[in-house]
Amino acid sequence: MDRWVNQAAVAAHVSEDCIRGGLRDAKLVLLQIITAQLTAEEKWLKADRQAVETKLLELLLQLRASQAPAAAPDSSPLFQQLVRHAGLEMQDEALKTVRRPMSQSARAFLLDEMYGYPSSAAQLPLQGAGSFHVVICGIGVCGLAVAIRLKKAGVPFTVLESSEGIGGTWHHNVYPNVGCDTPSHVYSFSSDPNADWTRYFAKGHENNEYLNRLADKYEVTKHVLFGHSVDSATFDSSSGCWSVAFHRKDGSKGLMAANVYVSAVGMLSMPKIPHVAGREDFEGKQCHTARWDGEVSFVGKHVAIVGSGASCMQVAPTLAAVASHVTIFQGTPQWCSRIPNYKWEIPEGERWCFANLPFYERWYRFQLLAHFTDIYEEMMTAESAENTSLWQSLKAYYEDQLAEHPDLLKKALPDYPPACTRLLVDNGWFELLKRKNVTLINSHVSRVQSKSVVAENPGEVAADVDIIVWATGFRSTEFCLAAMKIFGRDGLALQDFWGREPSAYLGVSVPRFPNFFMTYGPNSNVAAGGSIVWVAENQATHFSVRQH
């Protein structure tokens, strides 16, 4: 936001042809909003494309000539109209019936988010921060968010990272066609928007490149000890500090003291492979999607994919295109929806707008977040009218896609309300299932034999395979305990304190574990609240305030 209101809104070197090309590829709703904002005239919200482009070109050329900043959004009556206009119909076929006004609190929060949380940034730097030391476990999205906040605050910190790179999920997950099913422009920090996205839904390498650029920008990397895995963290009541035990790649061990310990391992860091009998006896190749073996060739092979969630839906079409046969073992059918622009590249002109047109990226991000917050709330409630409508819409989509394959429809169609589990994106799922070299088995895996995978369902036959791909997700319900042991006051183990029902205040802190924070903790997973990057940024802000 600062770029547009604290310096020239349009750079002197920008040509008129660039502006015209950008406006031509831009979204009309956003052009209407920006024109109304810059003119302070509501009438532009109803103007047609030609009129809006003509007026906005005139305004931008004036800003280029004057080198003046642009007027920022505020809480005026006009702004309320801009907010309402941003809530117009978006490209979301499955959810097109879900529309209701945003609440006042959500609107205020999103406005603060548009500015990159200026009130929290004003609290930095923190007095006396130099005498503090924070240890962070993990340098994925969440760990990076915390590290950046601490860097801005001048708080000394060290990151212990088990792998050899920055990026967490996007460093580890490199399977074919890996990508994000959250729109790119909300899968970025509010204070550091990425104007370089090439797709509306970025592939994994783009997400990782973005995170690494931020690490370089804020000089975070020099604080990271790669190849260091945390084994345990123990609170010492006498000193009020944490003792963090870790081991290095070479097997050597060490201890590190911290005033504050932050577990930023997230939910998607520890692969989950089911305890299936005979897995060690399999004579072929096997790997988990999150620990992909790039040396394995799938050409002409018989492949078993265990699991039918997000990673399966992404990787399976690529494997089926080269494999002799692919057998998918599906424990539970998944709901997926069609998003028209899921595979689209962003047009060159619109990419220019995201980088150069005042407030274009901010309003687009606002529009996406508004779509994911209050608007989704009722849809996430079982038996609500909105959820029932969604169920009917998705069911009709499945029936249409598999109209000529009733046997597949019976296997693929879930029998539970959508949004009970994460709603997935159709990445060619139905076209995949209709391929002659793909078999869908509606069953968990019972056991693995030397050259085959056996279904749990007695009605299904064993699949002879050369390669097993475990697309079985992560140990997400264990949170930080999947990677380490945590001991609080009086030696209390977090595992014992939680038992079978993990809980945390705001999903980040636990009583009797002072100065211990976790990111992406219990009940902080994203349902109708935007993206994990958004959550991470808010949690990092919370941590810095608490430390202050």
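Bear in mind these aren't lab numbers, they're just calculated from the coordinates by the rules spelled out. Owing to the predicted nature of the structure, the values given are computational and were not obtained by experimental measurement. Here the Cβ is made from the backbone with ideal geometry for all residues, glycine too, and neighbour counts use every protein chain on show.
Computed over the chain, the per-residue total of -39500 (n - 2.57) for DSSP H runs of n ≥ 4 gives a 222 nm mean residue ellipticity of -10000 deg cm²/dmol, rounded to 500. First check a/c for region 174-316, with a ≥ b ≥ c the square roots of the eigenvalues of its C-alpha gyration tensor; if it is under 1.5, answer rounded, and if not, answer prolate when a/b is larger than b/c or oblate otherwise. Since a/c reaches 1.5 but b/c is at least a/b, the shape of region 174-316 is classed as oblate.
Ignoring solvent entirely, what values of log10 I(q)/I(0) come out of the Debye formula for the chain at 0.08 Å⁻¹ when each Cα is a single scatterer? For the chain, the Cα-only Debye profile gives -0.60.
Over region 238-311, calculate the relative contact order: mean separation of alpha carbon pairs under 8 Å at least 6 apart, over the residue count, as a percent.
Numbers: 34 pairs, mean separation 13.6, N = 74.
Taking the mean separation of contacting Cα pairs over the length of region 238-311, I get 18 percent.
With the contact rule set at Cα under 8 Å and sequence spacing of 6 or more, what percent relative contact order holds for the chain? Don't skip to the answer; put the middle values down first.
On the way: 1025 pairs, mean separation 112.2, N = 548.
Reported as a whole number, the value is 20 percent.
Under 16 Å of direct C-alpha separation, and excluding same-chain neighbours fewer than eight residues apart, residue 395 reaches these aspartates and glutamates: 92, 93, 383, 386, 404, 407, 415, 426. Over region 470-515, the fraction of Cα-Cα pairs per 10 Å bin, rounded to whole percents and listed from the shortest bin up, is 24, 54, 16, 5, 0. Share of pairwise Cα-Cα distances greater than 13 Å in region 337-398 is 74 percent (whole percent).
Sequence neighbours fewer than 8 away in the same chain don't count; with that in mind, list the aspartates and glutamates whose C-alpha is under 19 Å from residue 222. Within the straight-line cut-off, residue 222 pairs with 161, 164, 209.
By count of other Cβ within 10 Å, fewest leading, how are 162, 509 ordered? Please list the in-between numbers first.
Working: 162 21, 509 17.
Lowest to highest Cβ neighbour count: 509, 162.
Which of rounded, prolate, oblate describes region 261-316, given a ≥ b ≥ c as roots of the alpha-carbon gyration tensor eigenvalues and a/c under 1.5 marking rounded, otherwise prolate only if a/b is larger than b/c? Prolate, since a/c reaches 1.5 and a/b exceeds b/c.
Apply the a/c threshold of 1.5 to the C-alpha gyration tensor of region 287-369 and tell me whether it is rounded, prolate or oblate. Display every interim value, and only then the final one.
Values: a/c = 3.14, a/b = 2.19, b/c = 1.43.
Prolate, because a/c is 1.5 or more and a/b exceeds b/c.
Between residue 384 and residue 71, the simple label model (points 7 Å from Cα in the Cβ direction) yields a spacing of 3.6 nm. Straight-line cross-link reach from residue 272 at under 29 Å between alpha-carbon atoms covers these lysines, not counting any fewer than eight positions away in the same chain: 203, 249, 253, 285, 301, 343, 410, 411, 434, 451, 485. In plain terms, the residue of 541, 388, 198 with the fewest other Cβ atoms within 10 Å comes first and the most crowded comes last, giving 198, 388, 541. As a length-normalised measure over Cα pairs under 8 Å and 6 or more apart, the relative contact order of region 396-548 settles at 10 percent.
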